[in-house]
Amino acid sequence: MNAQRTIFGSVGMVLFFVTSSFAEQTKTDYDRNTDFRQYKTYSWEGIQTRDALLVDRIKAAVNADLETKGWRLVDTDGDVAVMAMETTQDHQTLNTFYDGFGGGWRWRGFGGFGESTTTVDTYKVGTLVVDLFDAHTKKLIWRGSASDTLSSKSDTNIKNLDKGVHQMFSHFPPGEKN
């Protein structure tokens, strides 16, 4: 019975940590001296990505959020220039599982040695960075980034892209109550 509790407790903790390590991370920062109320229009300056299919998806996600904030997309000469960059990196996690017999320190002393198996899982993490520049001064005024584990399913990745961009812009423009 104690062995079962140990196993289930260990599995539960592993699942909690693995799930939380795969959770999407979103960060933003901005120039504290910028008055974002002066900006009403924006235009795209470029998107860097290895996957050409992502260009329109990234634009659509960012456009949707900026337009809900009252900003208007113009072909050229917007108040703000938008640039985006997507990267993909391999990450690894180590998973060690114990057989539950013997193994390590117990409440009542040392219980002997059990068997353990460690596996290495490699997964891909995609990161999107969106930069907003004042088009006249060429100065960076806002940066947002979102990272998440990539799926083998395109629909899941598109949904995560939209969710990440939405979280990125959830408190945009800075200083305003949203």
Across LYS59/LYS139; LYS40/LYS159; LYS40/LYS139, pairs whose alpha-carbon gap is larger than 19 Å: LYS59/LYS139; LYS40/LYS159
Would you check the accessible area of LYS27, probe 1.4 Å, heavy atoms only, in square angstrom rounded to 10? 130 Å²
Heavy atoms of the protein only, probe of 1.4 Å, neighbouring chains included. What is the accessible area of ARG32 in Å², nearest 10? 150 Å²
Rounded accessible area of ILE47 (nearest 10 Å², 1.4 Å probe): 40 Å²
The correct ranking of HIS91, HIS136 by accessible area at 1.4 Å, largest first, is HIS136, HIS91
For TRP142, list long-range residues whose amide hydrogen, built 1.01 Å from N in the peptide plane, is under 5 Å from its own amide hydrogen. ASP31, LEU132
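The values are calculated or read from the model by the stated rules, or taken from the named source; none is laboratory data. Note that this is a predicted model, so its numbers are computed, not measured. Heavy atoms of the whole protein, side chains included, go into the accessibility calculation; ligands, DNA and RNA do not. Shrake-Rupley method; radii C 1.70, N 1.55, O 1.52, S 1.80 Å.
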